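What follows is a single structure, written as structure tokens, with notes after it.
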Amino acid sequence: MTDPLSLFLQVLPIVLLISLGMLLRQIRFLKPETVDQLKQMVLSIGLPALLFQAFATTSLNPSHLAIVVTVFATCLVLLGAAIVILRALKVDNPFAPALFTGFETGMIGYALYLAVFGQSEVFRLAIVDLGQVTFVFFVLVTFISRQNGNRPGGWELVRSFLLSPVILAILLGILTSLTGLNTLLETTRGGQMVATTLQLLGNLTVPLITIAIGFELHLGRATFKAPLLAALARILVLFALATLINKVLIRDILHLEPQFETALMTMFLLPPPFVIPILMTGNNLSTEKRAKHRQFVLGTLSIHIILSLIAFILVIG
């Protein structure tokens with residue numbers, strides 16, 4: 001375990017970059033559409049380059065598949081439980097259950113993990129993340145679409161999953177590892193050039209994504225209480241679940257190294273996927289309700305970012 005003060009100093013650059021993003025919004029140095037393009041560049045180029053390298057240089061085993069399946073099942077159970085509990089509490093927000101499952105690994109998780117543990121450890125977080133990425137594409141997207149009044153087709157979901165730059169990078173990385181082509185990246189001059197290029201592209205991930213997060217971070221006093229309670233409830237439940245999965249699955253059953261426990265705990269402390277407010281159109285709702293639901297979702301995401309940073313320092317430290 002890392003000393004909390006040392007961990008804070010390692011995470012501090014992330015906090016400063018988020019603060020820089022907030023400052024750039026205040027002085028109107030960047031336009032919202034520019035930030036969208038920066039995010040797209042990271043998610044389509046920087047992060048895939050990082051993940052390709054991570055999987056290309058990793059030897060996978062059946063234990064990793066067990067983690068993927070467990071994370072997927074956990075996300076599925078969380079969504080089901082949230083639907084039942086929020087319905088019993090008569091919460092008037094059809095999108096609220098989506099906030100209690102899934103994790104924003106792409107926009108925050110990798111940046112935090114890289115800053116503290118370095119690129120050599122990223123493959124552990126990527127393996128843990130694979131289960132929730134699959135869940136988001138096939139289950140969460142379907143759930144939100146149905147709350148919008150739509151019913152996406154199965155082929156459409158499969159197609160978007162397979163054509164995702166992140167998924168393509170992971171699949172190509174696994175194929176490279178299994179076929180032994182990864183040795184070419186280490187032993188040949190051309191391979192080393194490709195590896196260096198990929199590393200430079202991967203280095204874009206942390207600074208660009210954290211600045212974008214800061215730019216889009218909004219906290220308003222008027223709608224603070226409900227999102228805060230939702231974020232706190234989520235983070236406490238997921239901390240307990242991560243502790244249980246680490247003890248039973250990773251430690252006692254699979255006997256994997258402690259770094260996998262750290263990777264899983266890191267992911268379970270993250271905010272819900274940022275794709276939620278993008279997908280929720282609410283075309284079947286009144287303008288007033290649509291605005292109210294969106295405000296709650298954005299507020300919860302914003303508050304959860306702050307709580308995640310604090311929890312990461314306290315728990316991982």
* Inter-residue pairs, beta-carbon under 6 Å, first farther than 12 Å from Leu99 by Cβ and assigned to a helix (DSSP H, G or I) and in the stretch 230-249, second polar (S, T, N, Q) and at pLDDT 95 or above, 6+ apart -> Leu249/Thr70
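Only one residue in Thr176, Thr210 is surrounded by 12 or more Cβ atoms within 10 Å (Cβ to Cβ) and closer than 29 Å to Arg28 by Cβ. Which one?
Details: Thr176 fails: closer than 29 Å to Arg28 by Cβ.
Exactly one of Thr176, Thr210 is surrounded by 12 or more Cβ atoms within 10 Å (Cβ to Cβ) and closer than 29 Å to Arg28 by Cβ, namely Thr210.
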* Structure fact -> Across (1) surrounded by 15 or more Cβ atoms within 10 Å (Cβ to Cβ); (2) modelled with pLDDT under 85; (3) assigned to a helix (DSSP H, G or I), Gly282 clears everything bar (3)
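Are any residues in the stretch 130-186 polar (S, T, N, Q) and part of a loop (DSSP other than H, G, I, E, B), and if so, which ones?
If we filter the stretch 130-186 for residues that are polar (S, T, N, Q), which is where we start, we get 132, 134, 142, 145, 147-148, 150, 160, 164, 176-177, 179, 182-183.
If the condition is that a residue be polar (S, T, N, Q) and part of a loop (DSSP other than H, G, I, E, B), then Asn148, Asn150, Ser164 are the ones that fit.
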* To do: Please give the number of the condition Phe55 fails out of (1) over 16 Å from Ala263 (Cβ atoms); (2) surrounded by 20 or more Cβ atoms within 10 Å (Cβ to Cβ).
  => (1)
* Asked: Is the stretch 250-257 home to any residue that is surrounded by 20 or more Cβ atoms within 10 Å (Cβ to Cβ) and either at positive phi or in a helix (DSSP H, G or I) (or both)?
  -> yes
* Just a yes or no: is a residue in the stretch 259-271 within 18 Å of the chain's Cα centre (by Cα), farther than 21 Å from Met22 by Cβ and without any contact (Cβ under 8 Å) to a residue 12 or more places away in the chain? -> no
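Do we have Gln295 as over 15 Å from the mean Cα position of the chain (by Cα), at pLDDT below 90, of a type outside the set (Ser, Thr, Tyr) and in a helix (DSSP H, G or I) here? Give the derivation first.
On the way: over 15 Å from the mean Cα position of the chain (by Cα): yes; at pLDDT below 90: yes; of a type outside the set (Ser, Thr, Tyr): yes; in a helix (DSSP H, G or I): yes.
Considered against the rule, which asks whether it is over 15 Å from the mean Cα position of the chain (by Cα), at pLDDT below 90, of a type outside the set (Ser, Thr, Tyr) and in a helix (DSSP H, G or I), Gln295 comes out as yes.
The values are calculated or read from the model by the stated rules, or taken from the named source; none is laboratory data. Treat the numbers as computed from the prediction; the structure is a model and nothing was measured. Ideal geometry is used to build each Cβ from the backbone, glycine not excepted, and the neighbour counts take in all protein chains shown.
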